[in-house]
Each structure stands twice: as structure tokens, then as C-alpha cells.
Amino acid sequence: MTSSQHMFEARMENVRCMSTVLKSISFKEHATVFISRNGLKFTVEESKCAQVNAFLQEALFQSFTFSSDTLVFRLNLAVFMECLNILGDGGVTSLKMFYDEPAKILGLILEEGGVVTECNIKTMDADEILDFNFTSLRVVNKIIMKSECLRDTFTDLDASSQVLEILMSPDSPWLRLSTFGQAGSTSSEFPRDSDTVESFECTATQVNRYKLTLLKPSLKALLQSTKISVRMDERGFLSLQYMIRTEDGNTSFVEYLCAPDEDFEE
Amino acid sequence: SSGINAEYGEYRIEGKDRTGMILMNISPDNLAKALSNAANATSMKMRLTKKQVACLSVEIAVPTTDGNGQRIVTQDVPISLVPLIHWSEFEDPGMPEIHMSIYFPPLRRLKNLLERMRNLSNLVTIQATWSGEMTVSVRSDLVTTKTYFIELDTPDTDDGVDMTRASAEVTVDIKKLLLFGQSQYLAASSRSICNIVHGRSLQLFLLQDDVKLQYYLPAVDL
């Protein structure tokens, strides 16, 4: 195996495998990037109450070399996305990306149909990232379902409602999403025996409310995904995990973490 | 400008001077609106007339819906005639001595690229060499990008080209350059020529059939 002169270097045959996944988290200008031997993680935070993580595992890349243990930096995600898409969507664009210290430059080389673009993006030091401490050990309720059945519900959520209330229960109504807007309250229920529910592990009834403005951006990930896992832990924290199929048939994950709305009094 | 006899069935003009030219000012929006009926026209006639004001009267013959006849739609587009003494203001600036002449890569490709780059910077630098290579780059505090095109043709050049430079470059306003690629008239087959006066200006020629569109962009001081 040849060693790279860069601290980090990775190649991808089709840049769309990365850009479609990142498109689902690109609702903020900046992201924190974590590089390890397992792959890349892009994290976007919202008001300290919500966090989205996109995982691009090492297996998605044609080659992946990393000569350190971990690397963290802050990246202008909007600029990064423009660069990934710079050669347009006519054909298949290949990507080589690399990172060097102390320059702290993220380099990209994109190629399509004989045309080559080089990009050099300055990165910044990363701020502290919130650890939501969400562990599967403390999960009270978990449902895995096909994304398509939630799409309409999520797209049509009443924007005049401050919150989205989620009920998860081992008994009827199993899973219920409710909003409370100007026109009144709306609920959608998803029975456990529906075709779209692939796995149902609910142990206790939980009802929690989450600020709708925090959850709305997760719609992008929902639209790109084939499956979603909805989990709630003892504290009422919500984890939405989206399985996204990439162009070349591999899978990638985006996870959405959200703290419950504290103004809610039961 | 266009090859006169190729396009028009009938052409008659009596100009003010020996060149037989008439200069008029006209609003492109008004003319475009008048011509918008012409998509299905069987024929069109343009005449200088005087209604309340001087006008370019555009008469368009459109087939009737029953297919048996035609109706004439006439639109009068107001114009103002330019007096002879002001004609020197409208003279073609002429070709400056250029340092580089090269065909652009396919315009749709270039347009996609420029639209992405526009989100990164206001200015774009175009550089080309006589061996058919062109780079298109932007630079900002955060990012630099450079796109390489190779194996581009260079047009036959005549006088007015200073070939002493192996390469030439110029930096221009990216939005203005994008305007050039905006026209719906651009077919995939249209070619365009990029002439560079190093550090001074960019001159673009779009060639399609008998129509030649010429566009000057001055360099922007960095």
C-alpha cells in the first residue's frame, strides 16, 4: 500500500455519493468535520438543542488513508458543497480530497470528462461539540419504519405549530405525531402492524414535544432516505436515524438528535 | 450585425449619408415584446414610420386558427433617431491589439461552472495559452478554485494579434460574464471565441449561422 504525502487522503469515484448525503444536512453554513480511520463525520448544530451527524464510512471511498488518530476542524459547508458540485451534474465526477497541517487546507480535485477543478478551502479550529449522550442502553422506545410513509406527514406539518408532539407506546396508538397550530390540532397515527413498520420495540408510553423549527431541517434527510429509526431515551431525547442509499448502492447514515422542549408541562 | 441579403426577402433603405445608414435608439424590451408574436409568423415586415412619434412598425403575418388565412398584427415601437452629428459616439470601438485568441469550451459547461463560482466570488480570472489550454479561477478569503480545460481550438488569427505572449489572462466581473451565456438563442452547436488583452479586457464573439454577437468586458482592478 502506498503511503500518501498528505495527512489525510481519500478518493471517491462518484462525488454524488458524498454530495447527496451532505445535502440533507446543509441547512447551516458551517459544519464540524471529524476524520478517523473509520471515515468522515460531519456535524451541524442548531441552538444547542439539536444536532445532525452525517456518517461517510471508509468503505464508501475507493481509497482512504489517514496517518493520525483523529482530526477535527470547522468547515464552511456551503462553500464545500459548491465545490463538490462545481463540475455540474452532466456526467460522473470523481473526487480526491486531502488535508494538510499546518496549512489547515482541505484540498479537492474533481474530474469529469477531461475537465479538472482544484479547490483549496481554508478550515478553522473547531468549537466544542455538544455530546448528547444518547446511548442505545437508555432507549425506552424504538421503531424502524420505511421513510415513504412519513414523508407526507412531515412535509405537511402545520408550520403554525410551535411544537411537534411525538407519542410512542407499546399500546395503541403506538406512534402518534401531533401539531397544535392556528387551525387546530392535527394528529397522524401509525399502527404497529402496518406494512411500513419493520421493527417495533416499545417498552413504555412516552409523550414528548420538540420545537418544530428544530425538526423541520430533518425533512431533507427524510426525503433522501429509505428507512428511518425513531428512538426516545429516558430523558425524552429523540434520535432519528436515516438510512440513505448512495449512487453506487452503498448506504450512509444521517442521525438527528433533538432535546425535548422544556416549556412543555404535562 | 448580420449578412443582409441572406436574411431578408426585401430590403430598402435610404440613409442620411453615403453609407446608407440610419441610427436609431430603441428599447430592447419593447422590441422583444413586439417580436414575441413572431414565433409562428409566416412573414414579418419592419418599417420606419411616423405616427405621433417616429416608430419602427413591426407587421407580423400570423396564420388564422382555421388555417385558411392570415391576420396581420402590427406593433409600433417608439424610437428616437440619432442625428448625424452624434454618430461618432456609436462607432465600433474597433479591435484592440489582442494577446490571445481561443475558442471557449462548450458554453453550457462553462455556464454551469460560472454559476457555481458566482456563489464563491464576484470576480473570475480567465487565462489561456496558445496550446489550447484555458483556466477559469476564482479566489476569496476562504477558497480558491481553478478549473482546467485542455485541447481547445484556437481560431485562425490575422493582424491585430500580438503573439509574443505564451499566455494571457484577465479578471472580470463574473455576473457580467454570465450574461453572455444567458441567451436562449445559444444552440449546442454555437461556438464562441475568447480574445484576451492581457490584464485589460476580455472580448467575446458568439458565432451562430449569420449572426455575430460581440461582447466587451473590461478588466476589474483587483
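The values are calculated or read from the model by the stated rules, or taken from the named source; none is laboratory data. Quick caveat, the model's predicted, so the values are computed rather than measured. Neighbour counts are summed over all protein chains in view; Cβ atoms, including those assigned to glycine, are modelled from backbone coordinates with ideal geometry. Just so you know, the surface numbers come from the protein's heavy atoms only, side chains and all, with ligands and any DNA or RNA stripped out. Shrake-Rupley method; radii C 1.70, N 1.55, O 1.52, S 1.80 Å.
Some notes on this structure:
- Using heavy atoms of the protein chains and a probe of 1.4 Å, the accessible area assigned to B:H86 is about 70 Å².
- With both labels modelled 7 Å from their Cα along Cα-to-Cβ, the A:E128 to B:A38 distance reads 6.9 nm.
- Pairs of alpha carbons in chain A separated by more than 22 Å make up 59% of all such pairs.
- Once exposed loop GluC sites (Glu not before Pro) are cut out (DSSP; at most 13 other Cβ, 10 Å), longest piece of chain B: B:15-90
- Å² of accessible area per residue within the protein assembly as shown, as computed with a 1.4 Å probe and no ligands counted: 54
- Relative intensity of region B:22-84 on a log10 scale, I(q)/I(0) at q = 0.18, 0.29 Å⁻¹, equals -0.65, -1.21, per a Debye sum over C-alpha point scatterers of equal strength in the absence of solvent.
- Shape parameters for the protein assembly as shown, alpha-carbon atoms, Rg then Dmax in Å: 30.8, 97
- Debye-formula intensities of region A:74-219, expressed as log10 I(q)/I(0) at q = 0.14 Å⁻¹, are -0.88 (one equal scatterer per alpha-carbon, no solvent).
- Total accessible area lost when A and B pair, probe 1.4 Å, Å² to nearest 100: 1600
- Cα centroid of region A:30-51 to Cα centroid of region B:26-83, whole Å: 61
- With N as its number of residues, region A:157-207 has a Cα radius of gyration that, divided by 2.2 N^0.38 Å, comes to 1.24.
- Here each label is just a point 7 Å from Cα along the line to Cβ, and for B:K212 and A:E198 those points are 6.3 nm apart.
- Normalised per residue, the volume of the convex hull around the Cα set of region A:119-198 (Å³): 210
- Relative frequency of Cα-Cα separations exceeding 21 Å in region A:135-266, percent: 38
- Estimated translational D of region A:6-60 in µm²/s (Stokes, Kirkwood radius over Cα pairs; 20 °C; 1.002 mPa s): 176
- Cα-derived Rg over Rh, computed across region B:114-169 with Rh taken as Kirkwood radius: 1.07
- For a modelled paramagnetic label at B:A166, 7 Å from Cα along Cα-to-Cβ, the residues of region B:194-210 in reach, with backbone nitrogen under 20 Å, are B:196-199.
- Apportionment of accessible area to carbon and sulfur, the protein assembly as shown, percent (1.4 Å): 47
- For chain B, the longest principal axis of the alpha carbon atoms and the long axis of helix B:107-118 meet at an angle near 60°.
- Kirkwood-Stokes translational diffusion coefficient of region B:16-146, alpha-carbon pairs, 20 °C, 1.002 mPa s, µm²/s: 107
- Aspartates and glutamates whose Cα lies under 16 Å from that of B:K33, excluding same-chain neighbours fewer than 8 positions away: B:E59, B:D76
- Per-q log10 I(q)/I(0), chain B, q = 0.08, 0.10, 0.16, 0.17 Å⁻¹ (Debye; single scatterer per alpha-carbon; no solvent): -0.42, -0.63, -1.16, -1.22
- Candidates B:D209, B:D173, B:D141, ranked by Gaussian network fluctuation over chain B, Cα under 10 Å, top entry: B:D141
- Within region B:88-129, backbone nitrogen closer than 18 Å to the virtual label 7 Å beyond the Cα of B:T157 toward Cβ: B:94-105, B:126-129
- Magnitude of the charge dipole, region B:53-201, Cβ model with Lys/Arg +1 and Asp/Glu -1, debye to 20: 820
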